[in-house]
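Asker: Below you'll find the structure I mean.
Bear in mind these aren't lab numbers, they're just calculated from the coordinates by the rules spelled out. Keep in mind the model is a prediction, meaning the values are calculated, not measured. Cβ sites come from the backbone with ideal geometry, for glycine too, and all protein chains shown count toward neighbours.
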Amino acid sequence: MQYRKMGRTGLKVSSFCLGTMTFGRQVEEKESIHIIHAAIDAGVNFIDTADMYVNGVTEEIVAKAIKGKRDSLVIASKGGHIRKLDEKYGEPLDCGPIDLARPKAFHAWPAGEGVGHNDMGLSRKHIMQAVEGSLQRLKTDYLDLYYAHMPDYATPFDETLRAMDDLVRQGKVRYLGCSNFRAFQLCKALWISDRLNLARWDCIQPPYNLLARDVEYELLPLCDEESVGVCVFSPMAAGFLSGKYKKDAKPLEGARFSLAHLGYRYNQPYWDDASFMAVEKLTQTAEEHGKRLPEFALAWVLSNKTITSIVCGATTIEQLEQNMGAVEITLPKEALDACDAVWRELRPPRLFYGR
């Protein structure tokens, strides 16, 4: 296993971070714990979860798996995700802009009955409530890394950042980060933290894979310039880069794409002719270099020097072992160039002024 420094901090994390979103839903508890233990035994010291994964059940599973091992691990959780309100409260407001990046209104995550307006978002009230809930479910008195899960357009940045700074000063959180934020939002947060002398976001968790490289235009250069760690989620395009899906066939039963409306909404952007064609070409490139596409795709992400770690889940021990093997792979320049060619065909270069 390889270990990398988290941005400018002194924190060392495994370049493979075990993602747990499927634990408690796709993967039952006993097997989930088995997978976590196997990852730890292989040298993984970085585990990622969130309070909204199976409405807290995933954090409870992680707690059972890390019992007696907690202090040797880096445990990351997230809070603030927009959730579906109880019917009596109506629809959530201020869920973000409708633009080229997000052409449709955000679909709030199902969260059961009784969810009110203050049971989500990045207000001081909810952040404090969310952290206490995660600590209780994870059976720990601190989190190594705590992410603002997604932008909250109804709450001022300084309110969120002051609340998260308080968590660090109280010893409940060691490091801070954000997930799903755009480059300008991260830049604004860093500026506010510097101006107000607050603990800053030292890590961001964006999606990044061979079929989704838009973060290379603005976000990754910003993180490189400001020494912000980057722990990417969906490094295999939610399993699409496994090569197991066929354009004219229904998604495999039990796979990410077949998880009812949740799987469809999460992965729909990849399901088109252009992406299937890209996967075909990438599979050929991987085979030419003696690799299978899944490990090739993960190794490609880790070849970027700005990336700290890949957040990667697994539904079986075999899948976990295969994915972890990507950490040891170094791709030659011709393989990287071939990947660039596929991306340029999938997303033609944008008009750019300046140098």
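Asker: Below 8 Å between Cα atoms, with a sequence gap of 6+, how large is the relative contact order for the chain in percent? Walk me through the numbers before you get to the answer.
Answerer: On the way: 601 pairs, mean separation 64.7, N = 355.
It comes to 18 percent, rounded to a whole number.
Asker: Suppose only helical runs count, i.e. DSSP H with n ≥ 4. What mean residue ellipticity at 222 nm does that imply for the chain under -39500 (n - 2.57) per run, divided by all residues and rounded to the nearest 500 deg cm²/dmol? Spell out each step's value before the answer.
Answerer: On the way: 11 runs with 129 residues, N = 355.
So the helix-based figure for the chain works out to -11000 deg cm²/dmol.
Asker: Sticking with this one: Would you indicate which of (1) 79, 47, 42; (2) 53, 52, 45; (3) 77, 52, 50 is the value of Cα extents along the principal axes in Å derived from the coordinates of this structure?
Answerer: Of the labelled values, this structure produces (2).
Asker: Collect residues whose amide H, placed 1.01 Å from N in the peptide plane, falls under 5 Å from the amide H of Asn45; neighbours closer than 5 in sequence don't count.
Answerer: The answer is Ser14.
Asker: Tilt of helix 157-169 relative to the longest C-alpha principal axis of the chain, in degrees (0 to 90, nearest 10)?
Answerer: 80
Asker: Could you pull out every residue, at least 5 positions away or on a different chain, whose amide H is within less than 5 Å of the one on Gly229? Hs are placed 1.01 Å off N in the peptide plane, and Pro or chain starts have none.
Answerer: Gly7, Arg8, Cys203, Ile204
Asker: Can you pull the Rg over Rh of the stretch 1-121, Cα-only, Kirkwood? Mind dumping the intermediate values first?
Answerer: On the way: Rg = 17.3 Å, Rh = 16.4 Å.
Taking Rh as the inverse mean 1/r over Cα pairs, Rg/Rh reads 1.05.
Asker: Turning to a different aspect of this structure: How would you rank 72-85, 147-160, 323-336, highest first, on the average number of other Cβ atoms within 10 Å across their residues?
Answerer: 72-85, 147-160, 323-336
Asker: Given a cut-off of 21 Å, name the pairs among Lys30/Lys78; Lys5/Lys188; Lys305/Lys333; Lys69/Lys139; Lys84/Lys125; Lys5/Lys305 whose C-alpha atoms lie farther apart than that in the structure shown.
Answerer: Working: Lys30/Lys78 23 Å; Lys5/Lys188 23 Å; Lys305/Lys333 14 Å; Lys69/Lys139 12 Å; Lys84/Lys125 18 Å; Lys5/Lys305 11 Å.
Result: Lys30/Lys78; Lys5/Lys188 exceed 21 Å.
Asker: Continuing with this model, one more query. Across every pair of different alpha-carbon atoms, what Kirkwood hydrodynamic radius in Å does the stretch 80-225 reach? Show your work: numbers first, answer last.
Answerer: Numbers: mean 1/r = 0.0614 Å⁻¹.
In the stretch 80-225 this quantity evaluates to 16.3 Å.
Asker: While we're here: Can you tell me the order of 216-229, 170-183 when each peptide is scored by its average per-residue count of other Cβ atoms within 10 angstrom, highest first? Intermediate results must be reported in sequence, preceding the final value.
Answerer: Details: 216-229: 17.2, 170-183: 19.5.
By packing density, highest mean first, the sequence is 170-183, 216-229.
Asker: Hey, what do the phi angles of the stretch 64-76 turn into as Karplus ³J(HN,Hα) couplings, whole Hz, using 6.51/-1.76/1.60 and θ = phi - 60°, x for Gly and Pro?
Answerer: Values, residue by residue: 5, 6, 9, 4, x, 10, 3, 5, 8, 10, 9, 9, 10 Hz.
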